[in-house]
Amino acid sequence: MKIPIKYTFRNFVSRRLTTGITVVGVALVVFVFSAVLMMAYGVKKTLVKTGSDDNVLVARKSANGEISSILLQETVNIISTLPHIAKNAEGKPISSGETVVVINLTKIEGDGVSNVTVRGVSDQAFTLRPNVKLVDGRMFSFGKRELIVGSSIAKRFAGAQIGQTVRFAGDEWTIVGLFDTGGSGFDSEMWGDTQQLQDAFSRQGGYSTFTFKLDSKENFEDFKTAFNHEQRLQQFEPKIEQRYFEEQSETMAMFIRILGIFVTVIFSLGATIGAMITMYSAVANRTVEIGTMRALGFHRRSILSAFMAESLLLSIVGGAIGIFLASFLQFFKISTLNFDSFAELEFSFALSPNIIVWSFVFALLMGIIGGFLPAVRASRMKIINALRSV
């Protein structure tokens, strides 16, 4: 005989205190677990949004990031002659040789300084990246030591507001504009004239990366073949810009996941023990009831299934509450040091269907582990011994 499903639901609500404590414990653990995955996914989503799938970024093969890469002007000239590079109305390649450096700025909130990325760009950079919108002030003038700042930088760092100046490389740079890219990694950067940046850091003719637009994204493999056949370019590697920035997120995202999941697993031990105590309590309080069901002909596996279902119900409710609470983190932004760029990156928590699925799986795992032994104990009770406890 099978035990009706309503029996499980009835017992779930009959012990409100112990059930509530267990559900809250599972919910908190799932909340932390979801938050960790959302943080890692938020980093990846922000950096993927930074690049475009029809732009190609060329960097030195041995470089871990843009700041450790260098391309000379002659290398840029060679790349510009290759096929499948889009041209503007004047017949010039839509490209930008960019110089990337890191400077220190003082935070507005709290003491201390942090690293900020400064990107030197050419006049074609804004054609390459139409998502970069100037929202206040004006564009920097080429040939002058002026900067425009991303919306994230203006909010978090002293002296990074329009009309103020920041000092680095032995000179003062005036902030003349504010731009926004809709939440990409560029919002955590400052932009200026690449030639001025090269002069300031004594890197004349030395770019960090070279980015250009393809005439068609389907032609990337053809371009890459031509690139690889050019012997003078063997030290460099072209990548779709979106893919390049996605790879830049992997180290940071992996660190967040490993550290966060390690902490979550420790917390989950407490929630699992709580679920186990709750189910053992349920077994102890229903000894006679279990004996009666066995006397009426209910099989051991039915009793085992009923108690396991009750434990899983606890974990499902707790998991749903935890995911629901974690979903509100999407309204918050945080910043951290990106290990690949060595500069601060602001990003939002991001929720995805995969995160929801894995969070429920994690909750169910706690329910299975916490409910299995009590369920086995209940199913193995002897009828005579159970009924004698009246």
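The values are calculated or read from the model by the stated rules, or taken from the named source; none is laboratory data. Predicted model only: the values in this text are computed from it and were never measured. Here Cβ is always computed from backbone atoms with ideal geometry, including for glycine, and neighbour counts include all displayed protein chains. For accessibility, only protein heavy atoms count, side chains too; no ligands or nucleic acids. Shrake-Rupley method; radii C 1.70, N 1.55, O 1.52, S 1.80 Å.
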*List Leu37, Leu312, Leu71, ordered by accessible area with a 1.4 Å probe, largest first*: Leu312, Leu37, Leu71
*Taking only protein heavy atoms and a 1.4 Å probe, what accessible area per residue, in Å², does the stretch 140-201 have with all protein chains in place?*
32
*Label the stretch 97-199 by shape, choosing from rounded, prolate and oblate, from the square roots a ≥ b ≥ c of the eigenvalues of the Cα gyration tensor; if a/c is under 1.5 it is rounded, and otherwise prolate applies when a/b is larger than b/c, oblate when it is not.*
oblate
*Probe 1.4 Å - accessible area at Val135, Å² to nearest ten*: 90
*So, counting K/R as plus one and D/E as minus one, what does the shell of residues with Cβ under 9 Å around Ile78 add up to?*
-1
*What does the accessible area of Thr181 come to, in Å² to the nearest 10, when a probe of 1.4 Å is used?*
10
*With every protein chain kept in the model, how would you rank Phe262, Phe349 by accessible area, 1.4 Å probe, largest at the top?*
Phe262, Phe349
